[in-house]
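Student: One structure, pasted below without further comment.
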Amino acid sequence: MNDSPARLPLRTAAAVKLGNLSSTLSQKMGLGAGGMIGGRVALKLDPQALNRLTQGRRVAVVTGTNGKTTSTMMLARAVSALGEVATNHSGANMPDGHVTALSKQPDAPYAVLECDEGYFPAVAGASNPAVAVILNLSRDQLDRVGEVRTIERSLRDTVTALKDCTVVANCDDVMVTSAAWNAQKVVWVATGTGWHHDSASCPRCGNPIQWQGEHWHCTGCDLARPHPNWITTDEAMITPEHHKVELRLTLPGKFNQANAVMASAAAYALGVPTEEAVRRLRGVSNVSGRYRTIQRNGRSARLLLSKNPAGWSETLTVVKEANHPAVLVINAQEADGRDLSWLWDVPFERMQGRTVIASGERATDLAVRLTYAEVEHTIVPDPLKAIDQMPPGAVEVIANYTAFRDLNARAAADE
Amino acid sequence: MSESTIQIALVLPDLLGTYGDFGNAVVLEKRMTWRGIKAEIVPINYGQPVPDSCDIYVVGGGEDTAQTLAVKHLREHPGLQRAVTKNAVVLGVCAGIQIFGESFTRADNVTHPGMGLIDSTSHAGGSRAIGEVIAEPANGLFEGVLTGFENHQGRTVLGPSARPLAHVKVGTGNDGSVEGAVQGRIVCTYLHGPVLPRNPQLADLLIEWATGTKVAPLDLPAVTAMRAERVRAAS
Ligand SMILES: [Zn+2]
């Protein structure tokens, strides 16, 4: 099974070399982590680079709205039980990021690629994956990205056409189930997580979806929750052989348990025994700065990233258990989506009775939402200053995309 | 003021809840509750009949397919239309302005019948209007400017029975010149953000229509600060 990757044609090899060089240059010049620029150059020199760089490797592609980076890291850790794995770690999840990651490890027989939903058809088409993982589908960044239903449709068309690919799909998510429904080989995972707000009506026929407990079915066509092969239970999972495996993750929350079970199912499809996979992914503790804890003047602040209503809803559940003070940080730059309407879809009411600071470039928009949620709060736009104003001890910091990125960079610079 | 509870119908939040439209209902509910007026939100989901007994109806925005389903449902269960004849207050946001009209024509040139509640027709514009909007309320309907975020391809032409809600200073609105529509107690707008958290004066106007009572102002510093910030950002 462990064939070494096909040798690269000269043109790709040259493109990769130049790509690596410009990646190093961009890092030296302080243009960021260099995760994308190298790949961009390589793709320009050889548009087939992604196809050539994945030939002879066993490839897994991970997509979905939330949890891509974490699940990809978990899966890469698990698959490393079989051999070297090329993977895009830093959330550079478009084709240029994939080319960069693959060309850095030309000899790795395995590749685990996090893929933006919009690029999934192109990347799956070029890389001929052995495994495709679809985590969940919900709306993200309203004024930027296409409709959820358009994405479901393009995933469905791509996945249905894939040959010799095992699709690992979340059957508690109506959109994901519809996307994977006609695939040649599907492994269904009951994750216990799904965002129901975008799937009141069937993505296939438009009729209402009816829910009874965890079961759901369409009232107009045959789309219904399939019988799951893997089941997420409280802190554990049930394998297809009906074994119960304790998860005992370092990462918090139900959402990360779902990510872990999806990753275990995908690793299993690639040949990793489940106990071995779980043992490895337990060690995942810090995903590109997410869940990192920073120390500031006696405050121990845990940084959590949430990008959209479904993500915020999950994160508020995670932080609910310990009643620590919370700094909530909101920006509305291009990469976040300029429209903050989605703040009203997040159940901030759960933060009632807690010490809360509204922070970020759009702290006042958040403050209005908190006011109507009857959550007492103060406004401190600078998130580091906000942390300093909390009582000494544990602080939860939840930030959306650019807010998290900037805070993480500043925290790293201070360390 | 009546002793009974003011019922705010949140119409098809599962189909027309794309732009945080729940926020409009929450703002109405809280602004009444905080003043001692009993109020409650009544969600009406897809597949359920639409009651005609609510006092205020809030209708939000949705994707094209969701919008088509919503019109079909609202025509089959005409509770909202009956409520309008009984003088109910209605707020229609984004898709609302299109489906309340006589008809709306999509980018594919197919014309769909609307609900005929306001004298307007909508069609697809050449470009998508996205960004912050500032508009001046028409006919002194309420104090201060109207602010919001728009994200729509539709353009709307008002007939003689409908009046514009506001005159556009920054942004596009219905056609680059006027924004929204008012007909009887129906208010439509392309603006979200959502619109009522951003424009408490409009929220209070709807509350006064529904309760038949003038309400005292509420001092919410966060709202004042946010309005000032948004107006600065748009100018
Ligand atoms: Zn169906």
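Student: List the cysteines of chain A that have no other Cys Cβ closer than 4.7 Å: which are they?
Tutor: Unpaired cysteines in chain A: A:Cys115, A:Cys165, A:Cys171.
Student: Restricting to DSSP loop positions (anything but H, G, I, E, B) with no more than 14 other Cβ atoms inside 10 Å of their own Cβ, which trypsin sites (Lys or Arg not before Pro) remain in the range B:70-125?
Tutor: Numbers: sites: B:Lys72, B:Arg75, B:Arg82, B:Lys86, B:Arg106; in loops: B:Lys86, B:Arg106.
Sites meeting the loop and neighbour criteria: B:Lys86.
Student: Please report Rg over Rh for the range B:128-214, where both radii come from the alpha carbon positions and Rh follows the Kirkwood definition.
Tutor: Details: Rg = 12.3 Å, Rh = 13.0 Å.
That ratio is 0.95, to two decimals.
Student: Right, another one. Pop out the Kirkwood hydrodynamic radius of the range A:47-283 from its pairwise C-alpha distances, inverse of mean 1/r, in Å to one decimal. Before the final figure, lay out each step's value.
Tutor: Details: mean 1/r = 0.0568 Å⁻¹.
With all distinct Cα pairs of the range A:47-283 included, I get 17.6 Å.
Student: Calculate the FRET efficiency for A:Glu235 and B:Gln201 from the Cβ-Cβ distance with a Förster distance of 51 Å, rounded to the nearest 0.05.
Tutor: Result of the calculation: an efficiency of 0.50.
Student: Would you mind getting the Kirkwood hydrodynamic radius of the range B:6-141 from its Cα pairs, rounded to one decimal in Å? Present the calculation step by step, with values, prior to reporting the outcome.
Tutor: Numbers: mean 1/r = 0.0637 Å⁻¹.
Every distinct Cα pair counted, the radius reaches 15.7 Å.
Student: Another question about this same structure. For the range A:176-300, take the alpha-carbon Rg, divide it by the Kirkwood Rh, and send me Rg/Rh.
Tutor: Values: Rg = 17.5 Å, Rh = 16.6 Å.
Ratio of gyration radius to Kirkwood radius for the range A:176-300: 1.06.
Student: Further question: Over all Cα pairs of chain A, how is the pair count split among 20 Å bins, expressed in % and running from 0 up to the last occupied bin?
Tutor: Reading the bins upward from 0: 27, 58, 16, 0.
Student: Starting from the Cα of B:Arg35, step 7 Å along the direction of its Cβ; do the same at B:Thr213; then give the gap between the two resulting points in nm.
Tutor: With each label placed 7 Å out from Cα toward Cβ, I get 0.9 nm.
Student: Assuming R0 = 25 Å, can you tell me the calculated FRET efficiency for the pair B:Ser235 and A:Gln333, based on Cβ-Cβ distance, to the nearest 0.05?
Tutor: Result of the calculation: an efficiency of 0.85.
Student: To the nearest Å, what is the center-to-center distance of the range B:174-204 and the range A:79-107, using C-alpha atoms only?
Tutor: Using only Cα atoms, the two centres lie 49 Å from each other.
Student: Once you have the Kirkwood Rh of the range A:291-414 from its Cα pairs, apply Stokes-Einstein at 37 °C and 0.692 mPa s and quote D in µm²/s. Intermediate values should be presented prior to the final figure.
Tutor: On the way: Rh = 14.1 Å.
Approximately 233 µm²/s, per Stokes-Einstein.
Student: Here's something else I'd like to know. What number results when the radius of gyration of the range B:88-139, computed over Cα atoms, is divided by 2.2 N^0.38 Å? Kindly include the intermediate steps, with their values, before the conclusion.
Tutor: Values: Rg = 12.7 Å, N = 52, 2.2 N^0.38 = 9.9 Å.
Rounded to two decimals, the normalised Rg is 1.29.
Student: Let me ask something additional. When Lys and Arg each count +1 and Asp and Glu each count -1, what net charge do the other residues less than 12 Å away from A:Gln257, Cβ to Cβ, add up to?
Tutor: On the way: positive: A:Arg248, A:Lys254, A:Arg282; negative: A:Asp234, A:Glu235, A:Glu246, A:Glu314.
Summing Lys and Arg as +1 and Asp and Glu as -1 gives -1.
Student: List residues of the range A:340-380, by number, whose backbone nitrogen lies under 17 Å from a label position 7 Å along Cα→C-beta of A:Trp211.
Tutor: It comes to A:345-348, nothing else.
Student: Next question, about the same structure. Within the range B:103-129, list the residues whose amide N lies under 19 Å from a label point set 7 Å along Cα→Cβ of B:Thr85.
Tutor: Within reach of a label on B:Thr85: B:114-119.
Student: How much length is gained on full extension from A:Cys221 to A:Ser154, taking 0.36 nm per residue of separation minus their Cα-Cα distance?
Tutor: Values: separation 67, 0.36 × 67 = 24.12 nm, distance 1.99 nm.
Difference between extended and current length: 22.1 nm.
Student: Follow-up question, since we're still on this one. Using a Debye calculation, one point per C-alpha and no hydration shell, please list log10 I(q)/I(0) for chain B at q = 0.11, 0.14 Å⁻¹ in order.
Tutor: Here the Debye-derived log intensity ratios amount to -0.50, -0.83.
Student: At a Förster radius of 56 Å, what calculated FRET efficiency corresponds to the Cβ-Cβ distance of A:Glu374 and A:Gln184, to the nearest 0.05? Spell out each step's value before the answer.
Tutor: Working: r = 51 Å, r/R0 = 0.92.
For R0 = 56 Å, the calculated efficiency reads 0.65.
Student: Kindly provide the helix-only [θ] at 222 nm of the protein assembly as shown, computed as the sum of -39,500 (n - 2.57) over DSSP H runs of four or more divided by all residues, to the nearest 500 deg cm²/dmol? Please list the in-between numbers first.
Tutor: Details: 21 runs with 221 residues, N = 650.
One gets -10000 deg cm²/dmol as the mean residue ellipticity at 222 nm.
Any read-out appearing in this document is the output of simple, stated calculations on the displayed coordinates, not a laboratory observation. Computed from a prediction, not measured in an experiment: that's the story for all the values here. Please note: Cβ atoms are built from the backbone with ideal geometry, for glycine as well, and neighbour counts cover all protein chains shown.
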